[in-house]
Amino acid sequence: MKKRITLFVFALLVGLSTVTQAQMAVQADTLYTMEGDKIVNGIVLITNDKIEAVGSASEIDIPSDYETHQASVVTPGLVDAHSVVGLAGINNRDDDQNQLETSDPIQPELRAIDAYNAREQLVKFVLDKGVTTTHTGHGPGALASGQTMIAKTPYNTVEDALVDSATTVAFTLGSTVGRNFESPGTSAKGISMLRQKFIDAQEYLEKRQADDPEKRPAKDLKMEALADVLSGELTALITAQRSNDIMSALRLQEEFGFDMILDGAAEAYLLIDEIKKAGVPVIIHPTMVRTYGDTQNASFTTAGKLAEAGIPFAFQSGFESYVPKTRIILYEAAIATGYGLNREKALHALTKAPAEILGISNRVGSLAEGKDADLVLFDGDPLEYTTHISSVIVDGKVVKEKK
């Protein structure tokens with residue numbers, strides 16, 4: 001009897017814990033929801049891991065039992081549109097550099113989730129800088145280096161962090177590929193190799209879709225990944241910096257009809273009309289990228305020109321070859337505002353724009369009822385160097401708080 005009573009009490013306590021709600025209110029002198037105009041004296045109510053309500057102080061009353069946080073400026077959690085954190089490590093040693101496998105220039109089958117280290121210090125480093133969601137994975141440098149994934153940054157396992165296990169296949173065009181592999185040695189050879197693989201994948205996809213199971217091909221991981229790109233299950237993320245390589249990427253996309261995100265695009269300012277006509281979004285190179293090799297002609301003004309042309313774009317930290325192995329998207333956006341980019345458009349390119357480009361805007365990128373409760377609290381203008389992040393909230397939990 002005593003055992004039965006103990007079990008009953010335990011079950012009752014478990015039942016009560018499952019309905020207990022974490023409730024929080026965030027007050028901001030200026031609230032950027034990215035769903036419309038900024039709100040002066042704004043409030044966000046949070047229940048558990050979701051946003052309950054968003055509005056002005058004149059519209060929303062804060063219940064007395066809600067935990068309250070205050071800040072000068074509040075934005076949605078920042079979304080890094082392209083990174084290698086979690087695969088590239090902070091120590092810059094061979095044992096913590098998993099972003100590029102150099103045994104074969106075409107390896108779309110490599111999965112980011114099999115290499116991502118959620119406990120990597122770089123992941124926590126960008127979290128402290130307001131990045132709550134990162135699109136990370138295999139980096140540039142191979143014709144097809146592998147797949148990318150999307151993760152929340154506070155968690156300690158890939159399973160807990162995961163937002164999307166396979167988002168894109170990362171491709172690279174340009175001279176960096178030739179420096180990592182014996183072949184291809186030229187841009188033309190690289191495009192030829194990719195075209196042939198896509199032709200092979202078209203045939204594989206046709207057989208994979210056969211009604212008769214006997215006519216379907218034996219599973220080939222490389223072909224599966226490329227077939228998923230052709231069928232639209234995965235997006236092609238093509239890093240191309242020089243104008244001729246950007247045009248090659250656009251031709252590939254037109255020939256094979258896959259969904260594409262143009263990455264890097266150092267010379268995009270030379271091809272504004274062509275990129276706009278193609279209807280592809282751009283994940284722009286870090287504003288302060290080192291200008292050598294394929295990025296020799298990168299410009300501080302490109303983000304402003306893309307915005308002026310109405311081309312969807314987002315900021316990235318990208319791959320940094322030297323320590324600490326990543327850049328900070330907030331700083332990259334801030335520099336762009338000094339060269340023609342509107343400040344609110346810069347915030348949009350750090351939040352809602354990357355979420356839309358990556359297909360996760362139903363969860364993150366803006367502050368609206370029902371979305372993930374990911375917020376960054378600042379003590380001043382987010383794009384000013386002297387401003388500090390006072391708190392970071394992810395999934396309704398305070399994961400960083402200024403002492």
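Based on Cβ point charges of +1 for Lys and Arg and -1 for Asp and Glu, what charge dipole magnitude is obtained for the chain about its Cα centre, in debye rounded to the nearest 20?
Working: 38 positive and 55 negative charges, 130 e Å.
The dipole magnitude comes to about 620 debye.
For the pairs LYS352/LYS397; LYS124/LYS403; LYS325/LYS402; LYS325/LYS400; LYS219/LYS371; LYS38/LYS129, flag any whose C-alpha to C-alpha distance is greater than 27 Å. Mind showing how you got there, number by number?
Details: LYS352/LYS397 21 Å; LYS124/LYS403 17 Å; LYS325/LYS402 25 Å; LYS325/LYS400 22 Å; LYS219/LYS371 38 Å; LYS38/LYS129 22 Å.
From LYS352/LYS397; LYS124/LYS403; LYS325/LYS402; LYS325/LYS400; LYS219/LYS371; LYS38/LYS129, over 27 Å: LYS219/LYS371.
Please order ILE246, ILE328, ILE275, ILE60 by the number of other Cβ within 10 Å, starting at the fewest. Walk me through the numbers on the way to the answer.
Numbers: ILE246 27, ILE328 21, ILE275 24, ILE60 17.
Result, fewest neighbours first: ILE60, ILE328, ILE275, ILE246.
Have a look at PRO217, PRO154, PRO286 and tell me which one the Gaussian network model of the chain (Cα, springs below 10 Å) gives the largest fluctuation.
Residue with maximal mean-square fluctuation among PRO217, PRO154, PRO286: PRO217.
Given the options ASP37, ASP381, ASP259, state which has the largest fluctuation in a GNM of the chain using a 10 Å cut-off (strictly under) for Cα springs.
In this elastic network of the chain, the residue with the biggest mean-square fluctuation among ASP37, ASP381, ASP259 is ASP37.
Could you tell me which GluC sites (Glu not before Pro) in region 334-403 are loop residues by DSSP with no more than 15 other beta carbons within 10 angstrom of their beta carbon? Don't skip to the answer; put the middle values down first.
Working: sites: GLU344, GLU356, GLU369, GLU384, GLU401; in loops: GLU369, GLU384.
Those satisfying the criteria are GLU369, GLU384.
Spin-label point model (7 Å from Cα, Cβ direction): what's the ILE272 to SER231 distance in nm?
That separation, rounded to one decimal, is 4.0 nm.
If R₀ is 25 angstrom, what is the calculated FRET efficiency for the pair ASP211 and GLU254, using the beta carbon separation as r and rounding to 0.05? Don't skip to the answer; put the middle values down first.
Details: r = 30 Å, r/R0 = 1.20.
After rounding to 0.05, the efficiency reads 0.25.
Need one word for the chain: rounded, prolate or oblate. Basis is the Cα gyration tensor (sqrt eigenvalues a ≥ b ≥ c); a/c below 1.5 gives rounded, then a/b vs b/c decides.
Details: a/c = 1.99, a/b = 1.37, b/c = 1.46.
Here the chain falls in the oblate category.
Please enumerate, by chain and number, the aspartates and glutamates with C-alpha under 16 Å from the C-alpha of LYS207, excluding those fewer than 8 residues away in the same chain.
Here the aspartates and glutamates satisfying the reach criterion relative to LYS207 are ASP220, GLU224, ASP228.
In whole Å, what is the distance between the alpha-carbon centres of region 312-371 and region 65-133?
14
Rounded to the nearest 5, what % of the DSSP beta bridges within the chain are antiparallel ones? Show your work: numbers first, answer last.
Numbers: 38 of 68 bridges.
Around 55 percent antiparallel, to the nearest 5.
State the answer as a single residue: which of ILE60, LEU306, VAL392 lies farthest towards the positive end of the charge dipole of the chain, with beta carbon charges of +1 for Lys and Arg and -1 for Asp and Glu, about the Cα centre.
VAL392
Taking other Cβ within 10 Å of each residue's Cβ, how do HIS135, HIS69 sort, fewest first? Don't skip to the end; give the middle numbers.
On the way: HIS135 29, HIS69 20.
Listed from fewest to most nearby Cβ atoms, that is HIS69, HIS135.
Modelling each spin label as a point 7 Å along the Cα-to-Cβ direction, I'd like the ASP200/GLU35 distance in nm, to one decimal.
If labels sit at ASP200 and GLU35, their model points lie 4.8 nm apart.
As a footprinting exposure proxy, order VAL364, VAL85 by other Cβ within 10 Å, with the fewest listed first. Spell out each step's value before the answer.
Numbers: VAL364 26, VAL85 31.
Exposure proxy ranking, most exposed first: VAL364, VAL85.
Just to confirm the filter: which chymotrypsin sites (Phe, Trp or Tyr not before Pro) across region 298-348 are DSSP coil and have at most 11 other Cβ within 10 angstrom of their Cβ? Mind showing how you got there, number by number?
Values: sites: PHE300, PHE313, PHE315, PHE319, TYR322, TYR331, TYR339; in loops: PHE300, PHE319, TYR322, TYR339.
Those satisfying the criteria are TYR322.
In sequence order, what are the phi-derived ³J(HN,Hα) couplings for region 388-396 according to the Karplus relation 6.51 cos²θ - 1.76 cosθ + 1.60 with θ = phi - 60°, rounded to whole Hz, with x for glycine and proline?
10, 7, 8, 8, 10, 10, 10, 6, x
Counting pairs of alpha carbon atoms under 8 Å apart in space and at least six apart in sequence, what relative contact order in percent does the chain give?
Details: 917 pairs, mean separation 74.8, N = 403.
It comes to 19 percent, rounded to a whole number.
Tell me, what is the FRET efficiency for SER183 and ASP95 to the nearest 0.05, using R0 = 22 angstrom and their Cβ-Cβ distance as r?
Details: r = 28 Å, r/R0 = 1.25.
Computed FRET efficiency for SER183 and ASP95 comes out at 0.20.
For the chain, modelled as a GNM with alpha-carbon contacts under 10 angstrom, which of ALA188, ALA227, ALA314 fluctuates the most?
Greatest mean-square fluctuation among the candidates belongs to ALA188.
First measure r as the distance between the Cβ atoms of SER103 and ASN156, then evaluate 1/(1 + (r/R0)^6) with R0 = 35 Å and state the FRET efficiency to the nearest 0.05.
Details: r = 30 Å, r/R0 = 0.86.
Efficiency, rounded to the nearest 0.05: 0.70.
Values in this text are rule-based calculations from the coordinates and carry no lab data. Note that this is a predicted model, so its numbers are computed, not measured. Reconstructed Cβ throughout: ideal geometry from the backbone, glycine too, with neighbour counts over all protein chains shown.
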